[in-house]
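Can you read through this structure? Questions will come right after.
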Amino acid sequence: RMKKIETEFLIIGSGPGGAAASERLLNSKKEVLMIEEGSDFSCNSFKLNPTDEMLNMWKDAALSPAFGIPSITYAEGKCVGGGTEINSGIIQRVPEEVLNSWSKLPKIDGEYYLKAIHEDYDFIEKKLNASILQDRRNMHSEMLKKVAGLNSWKIDSLPRALKGCICYEPLCNCGGRQSMTKTFLEDAKKDNAFKLESNTKAIKINFKKNKALSVLAEKKINNTKEKIEIHFKHLCLSAGTINTPFLMMKSGLNFKGLGNFQLHPTIRVLARFKENIEAMKERLPDVAITEFMPHIRFGGSVVSPAIFGMNLSESWGKRSHLVNKLNNLASYYVMIKPLSWGKISKFAFINSPFVSYRLKKEDFSNLNKGLIELSKGLFELGALEVHPSIKNHEGWFSRKDLDKNEPVNKIKKKFNLMSIHLFSSCSPLNNFENLLDFGRVKKVKNLFIADGSTLINAPGVNPQATIMAVSRRNAESYLEKVNE
């Protein structure tokens, strides 16, 4: 017999969007049930090492493919708190130039992006203790700052959501990371009106006319699965950029533009110096080079033995000697704000989304420009060799090698691209008729969306703060309509 549950508000997903929405709902004295497909690691007395984090807290061990030429590997959190439990905690505001462009779109609340969003940013930054860290000397960061200084490039400091971190690891592992389980969800659990069910996956939304009535879910208990039907008055979708539209599609709600999405295509650059960088023992660089924004930016990549291993395996013949030089390696990235869009699709009899992404010519051009400019800067600083994340690449061993760089159209299939920033799969930009502002869907009166899928398009910076701000606004707007 299927177990049945009733609640006032059901939130599907516990990442930054769902957590921000829950705070607004609970503040308005609403009853909230939140379900999360992944496990809850917040109560563990031990800390997972980086490899176990990838296997247990990232969906598909952070190796999900968006098929294309080339394919782009993307990563999504799969645990209570979502990606905030495993990311670097960078909290950035979208540049004014981008906010202004969003504000001018038809059927969009332009005033929000011009002014009110900054009130939400203020709240989130305070709640997450986001600040520019007064760090000890960090060679991984120093090298990036020196590259900018040599070229008179603009840089931006990166506020991070850390409090009392004493481990100085690239991704804080001592409990100082101000993730959702340390902030919003920790507070929510103190409220008797809030309940969180982990290891519970939403399978299908049941609709009747223009309302969502219930959700069929499966709760994993050890090696068994218990089927649950959750009835609610109001539904908040916070399952993420991939799974929010896919769940709608699986439930029979589909229309043109749903599932069109963007990400930040990113390529890594590995550089060896004479100096000891000790990147695996230091926090991520606390600045980004923004000279080429809004289309291109450079920053510091997360490093660990496993990640270095993947970088070396891209061209083992030319990089195997670096195994004994790990302390001398620095890892940086080139990230672009793309013109291209990908697609999330639902095929009959297949229970997983098919994700594809095809970069435009201009995107490849920007990636290549970024690689060359950053590599020039690294050689000017004294790098002994530079290796871009391109399969079977020979590597560059001097500034002159860059002049012999192969045309991008000949090697673009070999680009080893990745992204941890996904958004806009439910953007009004792709269907102003059905995908409404404030995370609303025209065909369903009692549903709103609160996650990265509702961002207008690629913001060009780390999106967590904006996902939380917009999700907070979406929840507030929905409550206003409910209370009318």
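The values are calculated or read from the model by the stated rules, or taken from the named source; none is laboratory data. Computed from a predicted model, the values in this text were never measured in an experiment. Glycine also receives a Cβ, built like all others from the backbone with ideal geometry; neighbour counts cover every protein chain displayed. What goes into the accessible areas is simple: the full protein's heavy atoms, side chains included, and nothing from ligands, DNA or RNA. Shrake-Rupley method; radii C 1.70, N 1.55, O 1.52, S 1.80 Å.
Relative to the present Cα-Cα distance, how much length would full extension add between Lys126 and Lys318 at 0.36 nm per residue of separation?
Roughly 64.5 nm would be gained on extension.
Any idea what Rg and Dmax come out to for region 1-132 if you just take the C-alpha atoms, in Å?
Considering region 1-132 through its Cα atoms, Rg and Dmax are 18.3, 55 Å.
Okay, moving on. Expressed as a rounded percentage, what relative contact order does the chain have, with Cα pairs under 8 Å and six or more residues apart?
Once divided by the residue count of the chain, the mean separation gives 23 percent.
Looking at the chain only, what percent of DSSP beta bridges run antiparallel? Nearest 5 please.
Among the beta bridges of the chain, antiparallel pairing accounts for roughly 70 percent.
Just flag the trypsin sites (Lys or Arg not before Pro) in region 217-267 sitting in loop per DSSP whose Cβ has no more than 14 other Cβ atoms within 10 Å.
Lys256
Expressed as a whole percentage, what fraction of the accessible surface of the chain belongs to carbon and sulfur atoms when a 1.4 Å probe is rolled over the protein heavy atoms?
49
Compute the semi-axes of the equivalent ellipsoid of region 156-309, taking the square root of 5 times each eigenvalue of the Cα gyration tensor, and list them largest first in whole Å.
39, 23, 16
Taking every alpha carbon pair in region 372-484, what does the distance histogram look like in 5 angstrom bins from 0, in percent?
In order of increasing distance, the bins hold 2, 10, 15, 13, 10, 8, 8, 9, 8, 7, 5, 3, 1, 0 percent.
Quick one: what are the phi-derived ³J(HN,Hα) couplings along region 406-412, Karplus 6.51/-1.76/1.60 with θ = phi - 60°, whole Hz, x for glycine and proline?
Along region 406-412, the couplings run 5, x, 4, 5, 8, 10, 4 Hz.
OK, next. May I ask you to evaluate 6.51 cos²θ - 1.76 cosθ + 1.60, the Karplus curve with θ = phi - 60°, for each residue of region 418-430 and list the ³J(HN,Hα) values in order in whole Hz, giving x for glycine and proline?
In residue order, the calculated couplings are 9, 7, 10, 10, 10, 6, 6, 6, 10, 6, x, 4, 9 Hz.
From the helices alone, meaning DSSP H stretches of at least four residues, give me the mean residue ellipticity at 222 nm for the chain, per-run term -39500 (n - 2.57), in deg cm²/dmol to the nearest 500.
The helix-only estimate for the chain comes to -7500 deg cm²/dmol at 222 nm.
Report ³J(HN,Hα) in whole Hz for each residue of region 467-479, in order, from the Karplus equation J = 6.51 cos²θ - 1.76 cosθ + 1.60 where θ = phi - 60°; Gly and Pro get x.
Running phi through 6.51 cos²θ - 1.76 cosθ + 1.60 with θ = phi - 60° gives 4, 5, 4, 5, 5, 4, 4, 4, 5, 4, 5, 5, 4 Hz.
Still on this structure, please answer the following. Measuring with a 1.4 Å probe in the full set of protein chains, what accessible area per residue, in whole Å², belongs to the chain?
Per residue, the chain has 43 Å² of solvent-accessible surface.
Give me the net charge of Asn327's neighbourhood, meaning all other residues with Cβ under 9 Å from the Cβ of Asn327; Lys, Arg count +1, Asp, Glu -1.
Surrounding charge for Asn327 is +1.
Report the convex hull volume per residue for region 386-451, counting only C-alpha atoms, in Å³.
Measuring per residue, one finds 152 Å³ for the Cα hull of region 386-451.
Give me the mean projected area, in nm² to one decimal, of the convex hull enclosing the Cα positions of region 324-422.
So the Cα hull casts an average projection of 8.7 nm².
Please list the non-local residues whose amide H lies under 5 Å from the amide H of Lys225, H modeled 1.01 Å from N, same-chain partners needing a gap of 5 or more.
Answer set, sorted by chain and number: none.
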